[in-house]
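Peer 1: Below is a structure I'd like to ask you about.
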Amino acid sequence: MSQPDDHETVPRHAEATPKRERGRPRKPDAMTGAQRQAAYRARRKASRESVTVTKNTTPVAAGYDELVSERDRLREELLRARGERDEARLDLLRVRQERNETRQRVAAVRSTEADVREAAPLPDAARLLAAVGPDETGNGDKRLVVNVEYRAIAALNRLRKHFSLPQREVLERLLLRIDHMVIEALGNDEVSFNRYIEWSDS
């Protein structure tokens, strides 16, 4: 038994009282870690929903058949395009051949006409300088100023003196006579005749 003035002696009942642990006191129904993990797995399994995913894909065989069909169609179009190209080339060759044949015929006709003109006898000077009919067009005179070679001037002087004609009349008769000869040589060639006449005012 301790004295009233003894402050160092610890009573017995104080030594028998257990010391309180730090933190919150443990509940009597508290679960262990293993129990908590098992409960978590059970809740997760119960809440899990079964989901089925269906992936729609084209079968490989069907896709291959479509590609083969498309390839065949493209081949047919290519063959058809090549056939049309070959036909166009043949048409172009035919047109070129016809054009060349036409050119050859035209060249032959021109050559024949040239041979005929060369073989035709030239009229004598008196016929070339024969009098021509009066001008019935009523267009009157038109001044012509042109320089020519000296030998042409000399020939003109000789002709006017030989036929006793003025220079103007010698030139007019020669030009009109030769013009008439050209028109007669054209014959029934209407295209050449019209082209020749159109040159009158050029």
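The values are calculated or read from the model by the stated rules, or taken from the named source; none is laboratory data. Bear in mind that the values here come from a model prediction, so they are computed numbers and not experimental data. Please note: Cβ atoms are built from the backbone with ideal geometry, for glycine as well, and neighbour counts cover all protein chains shown.
Peer 1: Output the number of residues of the range 160-196 satisfying the condition of being on the phi > 0 side of the Ramachandran plot and either touching a strand residue (DSSP E or B) at 6+ places or on another chain (Cβ under 6 Å) or of a type outside the set (G, A, S) (or both).
Peer 2: 0
Peer 1: If we scan the range 68-86, do we find a residue that is at pLDDT below 85, farther than 30 Å from A155 by Cα, of a type outside the set (D, E, K, R) and part of a helix (DSSP H, G or I)?
Peer 2: no
Peer 1: Can you name every residue in the range 125-179 that is without any contact (Cβ under 8 Å) to a residue 24 or more places away in the chain, within 28 Å of R195 (Cβ to Cβ), part of a helix (DSSP H, G or I) and of a type outside the set (A, V, I, L, M, F, W, C)?
Peer 2: The answer is D179, and nothing else.
Peer 1: Now, a different point. For V191, only one of the following conditions fails: (1) under 52 Å from the mean Cα position of the chain (by Cα); (2) surrounded by 10 or more Cβ atoms within 10 Å (Cβ to Cβ); (3) not polar (S, T, N, Q). What is its number?
Peer 2: With (1) under 52 Å from the mean Cα position of the chain (by Cα); (2) surrounded by 10 or more Cβ atoms within 10 Å (Cβ to Cβ); (3) not polar (S, T, N, Q) applied to V191, the lone miss is (2).
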